[in-house]
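To keep things clear, I will list the structure first and then write my remarks on it.
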Amino acid sequence: MNPQFRKKIAFHTLGCKLNFAETSTIARSFPADEFERVPASQKADICIINTCSVTDVADRKCRQAIKKFINRSPGAFIVVAGCYAQLKPEEIASIPGVDLVMGINERFDIAAYIRNADKKGKAEIHSCELSPADNFIHSYSAGDRTRSFLKVQDGCDYKCTYCTIPMARGKSRNPGISSLVEEAGSIASTGVKEIVLTGVNTGDFGKSTGESFISLLRELVRVDGIERYRISSIEPNLLTDELVELCASEPKIMPHFHIPLQSGSDKILGLMRRRYKRELFTKRIGIIRKNIPLAGIGADVIIGFPGESGEDFNDTYNFLDDMPLSYLHVFPFSERPGTIAATLPEKVTGSEKERRSHLLISMSQRKASGFRKLNTGAITTVLFENVRNNGMISGFTGNYIRVEYPWNGDLAGQIRTVKLTDESPSGHMNVELK
């Protein structure tokens, strides 16, 4: 096809790293001789929005993004796909200007489906059936010379009372280790140095193939060209001693653990139907600190869950304050239709959730600053990113400290040994190259 007749196509992703891996895979399915990919900020002929639905805020951001694309490109063919589309297809279809709504599975066939599609007067909902337990669609992100997100697992068998993800994603499933090793080799051939392993419940890898997450890691570190592996997140009950010991002994696995704790109150953990009590989290943190003293450790926390009294919150606050964490991700409880949590009594008011969230965000900032100071003077490595911001180039250490250095384009995509010197005005760390 003549390049001047190629359709311009824009992609927009909301939500988690897993969604970014899947959007990249969808984008690669569009033949370059027929479609020209343009930034999401530009006018396009086709706009594909891959959505998230983990909170009501995520739903709202999705609706805002949809309307923004429609206003920017009023004649464009608008496709909305992903978790929000899976859970609320009719709601999305009712937005004027949307042409096609596709669920979790169907979005990977968008290229074949819309090649000759014309603008519609009314949105079409194209089969939003959940994946069977044995259906895993491979995905990884490409186009970033720094890192790639590799999907190793999908779905979840946990039944946490606040979560809609099992409704959107289906049962836990994964491919075999050999296929993921092959994908890692393909990623390495592009010059990417770091792979972030992603999934809905990443540590649950192996359930559908009789393998294990630690076996996957042991095979992946043997792939030539990839120098770093980072685990996106892992449940406390799946973070084993053996896994921590492997991270401590294998330089290719980054000393960074992001752990979804959700509450520091055993009462609230019970109401959430989490699979552990806070004592297990304490033990996991202790084992990490014993084996990897300067590991980066972050935790997700949900604030204002139904039934969380002031005493329960204080219990969580004091518990977290005592934990040697490097940062927190704080989420005010979001009521999701169809979940058990939506039916629970003793709701916490919006203003009280906001107050509690601010307290934990302040704690997170204090812990992050303390962790940076603890690392001052350390000699470590940084993978620099190809982004210029205020005359600086930045990147992450293995233990997830963002650093910055005066712009030098030759550093982009490179892993360099540095000395961490002090905190920068931006809240990152300055470094000296070694």
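The values are calculated or read from the model by the stated rules, or taken from the named source; none is laboratory data. These numbers come from a predicted model, not from an experiment. Glycine gets a Cβ as well: all are built from the backbone with ideal geometry, and neighbour counts include every protein chain shown.
Scanning region 101-122 for residues that are of a type in the set (A, V, I, L, M), modelled with pLDDT under 85 and farther than 17 Å from SER24 by Cβ turns up ALA112, ILE114, ALA117. Note on region 28-72: residues that are small (Gly, Ala, Ser) and free of Cβ contacts under 8 Å to residues at least 40 places away in the same chain amount to 4.
Only one entry of LEU383, LEU420, LEU411 meets the criterion of being more than 25 Å from ALA188 (Cα to Cα), at pLDDT 95 or above and surrounded by 15 or more Cβ atoms within 10 Å (Cβ to Cβ), and that entry is LEU420. In region 8-31, of all residues being within 13 Å of SER141 (Cα to Cα) and small (Gly, Ala, Ser), the one that is surrounded by the most Cβ atoms within 10 Å (Cβ to Cβ) corresponds to ALA21. Scoring TYR158 on the criteria (1) on the phi > 0 side of the Ramachandran plot; (2) within 20 Å of the chain's Cα centre (by Cα) leaves a single failure, condition (1). Which condition number in (1) at positive phi; (2) surrounded by fewer than 18 Cβ atoms within 10 Å (Cβ to Cβ) is the one that THR190 fails? Among (1) at positive phi; (2) surrounded by fewer than 18 Cβ atoms within 10 Å (Cβ to Cβ), THR190 violates only (1).
Among the residues making up region 285-308, none is free of Cβ contacts under 8 Å to residues at least 40 places away in the same chain, of a type in the set (D, E, K, R) and part of a loop (DSSP other than H, G, I, E, B). Within region 268-275, not a single residue is free of Cβ contacts under 8 Å to residues at least 40 places away in the same chain, in a strand (DSSP E or B) and within 26 Å of PRO166 (Cα to Cα).
For LYS88, the conditions (1) under 21 Å from SER334 (Cβ atoms); (2) of a type in the set (Lys, Arg); (3) touching a strand residue (DSSP E or B) at 6+ places or on another chain (Cβ under 6 Å) all hold with the exception of (3). Taking region 172-208 as the search range and keeping residues that are without any contact (Cβ under 8 Å) to a residue 40 or more places away in the chain and in a loop (DSSP other than H, G, I, E, B), which one is farthest from ARG228 (Cα to Cα)? Here the answer is SER172.
Mind listing whichever residues of region 240-257 are farther than 15 Å from LEU216 by Cβ and in contact (Cβ under 8 Å) with a residue 40 or more places away in the chain? Hits for region 240-257 are ASP241, VAL244, GLU245, ALA248, MET254, PRO255, HIS256, PHE257.
Among the residues of region 278-293, count how many are exposed (fewer than 14 other Cβ atoms within 10 Å of the Cβ) and under 16 Å from ASP322 (Cβ atoms). Within region 278-293, residues that are exposed (fewer than 14 other Cβ atoms within 10 Å of the Cβ) and under 16 Å from ASP322 (Cβ atoms) number 2.
Kindly indicate which of ASN390, ASN399 is in contact with an Asp or Glu (Cβ under 9 Å, 6 or more places away or on another chain), among the polar types (S, T, N, Q) and either crowded, with 17+ Cβ neighbours inside 10 Å or modelled with pLDDT under 95 (or both).
ASN390
Of all residues in region 1-14, those being assigned to a loop (DSSP other than H, G, I, E, B) and at pLDDT 90 or above number 1.
For region 32-144, the strands (runs of 3 or more DSSP E) that sit wholly inside it and include 1 or more residues that are among the polar types (S, T, N, Q) and surrounded by 15 or more Cβ atoms within 10 Å (Cβ to Cβ) are 46-51.
Before we move on, is ILE393 over 18 Å from GLU227 (Cβ atoms) and among the β-branched types (Val, Ile, Thr)?
Yes.
Within region 388-434, the residues that satisfy the criterion of being among the charged types (D, E, K, R) and without any contact (Cβ under 8 Å) to a residue 40 or more places away in the chain are ARG388, ARG402, GLU404, ASP410, ARG416, GLU432.
Once region 215-249 is narrowed to residues that are under 24 Å from SER178 (Cβ atoms), among the small types (Gly, Ala, Ser) and not in a helix (DSSP H, G or I), the residue that is nearest to the chain's Cα centre (by Cα) is SER232. Per the listing SER172, SER139, SER94, SER179, the residue uniquely among the hydroxyl-bearing types (Ser, Thr, Tyr), touching a helix residue (DSSP H, G or I) at 6+ places or on another chain (Cβ under 8 Å) and over 26 Å from GLU36 (Cβ atoms) is SER172.
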